[in-house]
1. Round to the nearest 0.05 the FRET efficiency obtained for residue 356 and residue 240 when R0 = 25 Å and r is the Cβ-Cβ distance.
2. Taking the Cα centre of the chain as the origin and placing charges on Cβ (Lys, Arg +1; Asp, Glu -1), which of 204, 364, 278 is farthest toward the positive end of the dipole?
3. What does the charge add up to near residue 126, with Lys and Arg as +1, Asp and Glu as -1, over the other residues with Cβ less than 12 Å from its Cβ?
4. So for region 5-147, averaging the separation of alpha carbon pairs under 8 Å that are six or more residues apart and normalising by length, what relative contact order in percent results?
5. Mind ordering 326-335, 369-378, 28-37 by average Cβ neighbours within 10 Å, highest first?
6. Based on DSSP H runs of at least 4 residues, each adding -39500 (n - 2.57), what is the mean residue ellipticity at 222 nm of the chain after dividing by all its residues, to the nearest 500 deg cm²/dmol?
7. Based on other C-beta atoms within 10 Å, arrange 26, 337 from fewest to most.
8. Whole angstrom only: what separates the Cα centroid of region 49-93 from the Cα centroid of region 334-392?
Amino acid sequence: MRAVVYADVRTVEVREVPDATLEAETDALVRVTSTALCGTDLHMYDGRTSAEPGLVLGHEPLGVVQEVGSAVQTVRPGTRVVIPTHLFCGTCVMCARGRSAACLRARAEGPGAAYGYAGMGPYRGAQAGLLRVPWADANCVPVPGEPGDAYEDDFVLLADAFVTGWHAAATLAGVEPGDTVAVFGAGTIGLLGAYSALLRGAGVVYCVDDVDARLDKAGEIGAVPIDFRRGDPVEQIRADRARAGLPLGEEKLGGVDKVIDAVGFQARDRERPDQERPDQVISDAARLVNPTGAIAVAGVYPDRDPHPGPGADGHENLVAPWGTLFSKGVAVRFGRTHDRRYTVLLRDLVVAGRARPSVVVTHHGALADAPELYRSFDRRENGLIKAVLHPS
Ligand SMILES: NC(=O)c1ccc[n+]([C@@H]2O[C@H](COP(=O)([O-])OP(=O)(O)OC[C@H]3O[C@@H](n4cnc5c(N)ncnc54)[C@H](O)[C@@H]3O)[C@@H](O)[C@H]2O)c1
Ligand SMILES: [Zn+2]
Ligand SMILES: [Zn+2]
């Protein structure tokens, strides 16, 4: 089969690799019809992880079951399925609690596993013709319709992007009706975090970035775009809140109730945008959040950055403004998405016509287009926000 592999820093290649096959009686083999590129893939592409050349990339599969092992009961060849990014056993105590991204059985070295990701287990990625799906009854989530129908882009985003935006807004930030929300990063995760916050009834949602196409998209989905090239985003948001008119006695609530970090450790330094500053977003968030608010960290922070960018030191022990967070009584929650908690819920919002996450998809291509799409995505050029590949 053909697959997108990590070849070297800022180089992916489309190569012929051995076909994925059934390896256990609980496996399914899925023919991938759509598979997206994620900001997480860029951390590998940029050489910022321990990814080894030859790794098959991709963790956002939608497809059709081609073959199942003898113990698989709930899906059969021909079933259209979306596969959550973080694969899981479905029966350990973490899975039983709905914490599938911390499954105790999917990876020998620690909690949780994912397809096509350095340090997240031996599982090959989904930017390929075929994908082996372990514990298929737990990991194959049926979706209605036919490959290539009007929901193809919505359903592929159920693997990772929409569930992560929802997890950040609903579970990590705890967005409730009427909340004011600021999202740092208007990539796919930030945009779908903002979209989820709006679905949950947030009063106003700000989206901070400095890429025109992404700021425009934030406006399109109903958020207020904040361009950090125009100055400190914290001051811009406070000024907007003051303009809107804070009720008498509520002036101390001139920030926002909930903040989502959808940037991660490769955050750019706003003072020197050619440099990185991994603590940029947490320091902005701490200044902006209202007393007793919450900060959701969905952007990735690794244990160690093997090749830090200019301005970063590669150390996981970032300085965070503990004093500010403590005196405001802020909850800070981190983490990988327990995808499977939300897959069916969000699928049904899509099917009911209440959510169209595909609004963030800007590009499509064949596997052969992967090198070019990775290049544009990495440079945030050509209006690329979310690209979807179609291996078959
Ligand atoms: N928690 C999870 O399970 C999970 C799942 C998927 C993705 N992620 C992570 O979420 C993050 C975002 O993913 P994405 O696909 O949207 O990536 P992306 O690279 O498309 O988006 C990141 C955005 O952040 C912006 N940015 C950079 N510095 C900034 C700053 N100082 N302030 C505001 N914006 C800034 C960039 O311009 C870019 O638009 C990545 O770190 C990714 O690894 C986490
Ligand atoms: Zn991802
Ligand atoms: Zn488990």
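A short reminder: the numbers here are calculations on the coordinates, not readings from a lab. The structure presented is a predicted model; accordingly, all values stated were derived computationally and were not measured. Glycine also receives a Cβ, built like all others from the backbone with ideal geometry; neighbour counts cover every protein chain displayed.
1. Computed FRET efficiency for residue 356 and residue 240: 0.40.
2. Going by the Cα projections, it comes out as 204.
3. In short, 0.
4. 29 percent.
5. Descending packing order for the listed peptides: 28-37, 369-378, 326-335.
6. Working: 12 runs with 93 residues, N = 392.
Only helices count here, giving -6500 deg cm²/dmol.
7. 26, 337
8. 17
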